[in-house]
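The values are calculated or read from the model by the stated rules, or taken from the named source; none is laboratory data. Just so you know, these numbers come straight off a predicted model, no measurement behind them. Methodologically, a virtual Cβ is constructed for each residue, glycine included, from the backbone with ideal geometry; neighbour enumeration extends over all protein chains shown. Accessible surface areas use protein heavy atoms only, side chains included; no ligands, DNA or RNA. Shrake-Rupley method; radii C 1.70, N 1.55, O 1.52, S 1.80 Å.
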Amino acid sequence: MKLFRDLFLIAMIAAGGIGGSQIPQLVQEYEQRLGGARDEAMAAHKKDIEDAGAFGLSLEDFADRYRASVDAAVRSGADNMLRRRDRANALDEALAALGEAPYMLRPWVAFQHLDPVVGPATWNAFQPTLTIDPRFAVGGVLLGWILHALLALIWRLIVARPHRERRRFDRRRA
């Protein structure tokens, strides 16, 4: 049983180290996709601003005019314009926060500003590489070790026979 536990520990540590070293690549790919999405959203938002400017209006005034229309299709255009503006601003803020974050905190910042469209698309397209980032590998090794310790504790509490007396190495009092 001890051999199995030791092999499981080695596997958890190796998986943690290899998995942890993949995090910087995943964050970099997310940042690249986030930048592309931001550029597209900004282009659509700028087009809305140009359309409003052609009539001498701000985007908000232009959206209010759309909302005042009797046609429901035209009214929905106002909401779409404002959604495009909000999305462009949110993507811009997320990209700025990710760019300003310290190297070791970039995964946390990316997770805090995870876009519901870009995040899953990045994860689905991610291909692990053979690059090893020692800083994140050490973190992964530690995480693997801690996870192994927790699983071993749970195994002992649930599966091991609790009524079996364990050997004690304390001194017997005479």
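As a test of understanding, state the convex hull volume per residue of region 62-145 from its alpha carbons, in Å³.
On the way: hull volume 10.8 nm³, N = 84.
Considering the Cα atoms of region 62-145, their hull volume per residue is 129 Å³.
Computed with a 1.4 Å probe over protein heavy atoms only, the accessible surface of region 1-149 comes to 63 Å² per residue. Over all pairs of different C-alpha atoms in the chain, the reciprocal of the mean inverse distance, the Kirkwood hydrodynamic radius, equals 20.8 Å. For the chain, leaving out every one of the chymotrypsin sites (Phe, Trp or Tyr not before Pro) that falls in a DSSP loop and has at most 10 other Cβ atoms within 10 Å, the longest unbroken run is 56-168.
Over region 7-105, what percent of the accessible surface lies on carbon and sulfur atoms, probe 1.4 Å?
Carbon with sulfur: 58 percent of the solvent-accessible area.
Candidate membrane-span-like segments in the chain, meaning DSSP H helices with Cα atoms spread over at least 18 Å of their own axis and a Kyte-Doolittle mean of -1.0 or above, are 2-21, 23-54, 72-100, 134-158, with no membrane implied.
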